[in-house]
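Working notes, structure below.
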Amino acid sequence: QVQLVESGGGLVQAGGSLRLSCAASGRTFSTYAMGWFRQAPGKEREFVAGVSGLGPTTYYGDSVKGRFTISRDNDKNTVYLQMNMLNAEDTAVYYCAARWAVAATRSEEYTYWGQGTQVTVSS
């Protein structure tokens, strides 16, 4: 089993930045693809960003391209999401997810999930 714990959420003004972290358990972290998803009230869970295992390949949802950056530190078993130029539409619970090797944009393809961290952007 892989356990994921998100941190770094909070309240931020529009135009500001936040950096989310996802700490993972296990000794095979580098083999897992990691993803960030978000879900706002009344909305479906939305793909935000993903990074493949054992490689630099990254993917981003259309709504965050150019503003968000996903990265990973395998020595720390941690994935990050740097969020810049935040706006009210970014308000959501952000979830970290993991699956073996290949990155995916569908939530159904991810095996492990964190509990989420709330991001609220005030206008």
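The values are calculated or read from the model by the stated rules, or taken from the named source; none is laboratory data. This structure is a prediction, so every number in the text was calculated from the model and none was measured. Heads up, the Cβs are rebuilt from the backbone with ideal geometry, glycines too, and the neighbour counts pull from every protein chain shown. Ligands, DNA and RNA are excluded from the accessible area calculation, which covers all protein heavy atoms including side chains. Shrake-Rupley method; radii C 1.70, N 1.55, O 1.52, S 1.80 Å.
Side notes on the structure shown:
- Of the strands (runs of 3 or more DSSP E) entirely within the range 9-97, those holding at least 3 residues that are open to solvent by less than 60 Å² (accessible area, probe 1.4 Å) and under 23 Å from THR111 (Cβ atoms) occupy 18-24, 32-39, 46-51, 68-73, 78-83.
- Hey, GLY116 surrounded by 21 or more Cβ atoms within 10 Å (Cβ to Cβ) and under 10 Å from the mean Cα position of the chain (by Cα) or not: no
- Among the conditions (1) open to solvent by 70 Å² or more (accessible area, probe 1.4 Å); (2) modelled with pLDDT under 95; (3) out of contact with any helix residue (DSSP H, G or I) (no Cβ under 8 Å at 6 or more places or on another chain); (4) of a type outside the set (S, T, N, Q), the only one that TRP100 does not satisfy is (3).
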